[in-house]
Amino acid sequence: MKYSTVITGFVVLFAACTDAQQNPMQDEQALTVQGAELAAQFVGTLLPTLQQAMQAGGPVNGIEVCALQAPAIAQALSEQSGWQVKRVSLKPRNQELAVADAWETSVLQEFDQRQQAGEAPAQINKAEVVAGEFRYMQAQAAGPLCLTCHGTEIPSEVSEALARHYPDDMATGYLAGQIRGAISLRAPSHQR
Ligand code: HEC
């Protein structure tokens, strides 16, 4: 009787331990899928908004709309999902919202290297548990549309509008295909 209780105890304990070892991996995979979906949702909401604004009123209108809508979409997605949703860059335009922290900076540097090594930007992402917190980043490349406001030859009315809204803008001078920045996500705290 006594022995079997002890053995059962060990079996239960062993099962609990192996479970605890497997679950974080499964959690990480599930969170990676959720992160990728959320990043796609961000782009899928912002890009049509930007395109419509530019069609309706040109790039200056695009800037006005982007200045309001990009942070609003990030905030709405954060509230809906419980994740923290933002955009970051090594050369930020929005100096309040888009400055990268230490982990984001090293990941953005890695993204630049991967893009230079020939990896397709859509595939360039990173999932990692950092100090017990699940974080995910998806690279955003500068396509032809983006260069009107992020490229090397910015029309003068665009630079004037940018200077008005973003006096410390660093986000110009990009070539097509380069990594402009990334969507950066943190999982809700109960899933960390
Ligand atoms: C009409 C001008 C315009 C176009 C075109 C444009 N952007 Fe931007 N971009 C902006 C503005 C304005 C901001 C700052 C928005 C804010 O305050 O959050 C910005 C910010 C960003 C940021 C956030 C980081 C930062 O520097 O603040 C990323 C990433 C970004 N743009 C990527 C792109 C990509 C990729 C494209 C092409 C698909 C693109 N942009 C096209 C005007 C533009």
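The values are calculated or read from the model by the stated rules, or taken from the named source; none is laboratory data. Predicted model, so just to flag it, every value in this text is computed and none were measured. As a convention, Cβ positions derive from the backbone with ideal geometry for all residues, glycine included, and neighbour counts pool all protein chains shown. These accessible areas exclude ligands, DNA and RNA; they are computed on the full protein's heavy atoms, side chains included. Shrake-Rupley method; radii C 1.70, N 1.55, O 1.52, S 1.80 Å.
Of all residues in the stretch 61-92, those being near the ligand (Cβ under 9 Å from one of its atoms) and of a type in the set (S, T, N, Q) number 3. On inspection, Glu37 fails the criterion of being at pLDDT below 95, in a helix (DSSP H, G or I) and either more than 30 Å from Leu162 (Cα to Cα) or in contact with a His (Cβ under 7 Å, 6 or more places away or on another chain) (or both). Cβ contacts < 8 Å: first residue under 9 Å from Gln69 (Cβ atoms), restricted to the stretch 38-53; second residue part of a helix (DSSP H, G or I) and open to solvent by less than 20 Å² (accessible area, probe 1.4 Å), any location; separation 6+ or different chain. Result? Cβ pairs passing all conditions: Thr45/Ile73; Thr45/Leu77; Leu46/Ala70; Leu46/Ile73; Thr49/Ile73; Leu50/Gly62; Ala53/Gly62.
If you filter the stretch 74-91 down to residues that are without any contact (Cβ under 8 Å) to a residue 60 or more places away in the chain and either of a type in the set (Lys, Arg) or over 26 Å from Asp112 (Cα atoms) (or both), you find that the one that is least open to solvent (accessible area, probe 1.4 Å) is Leu77.
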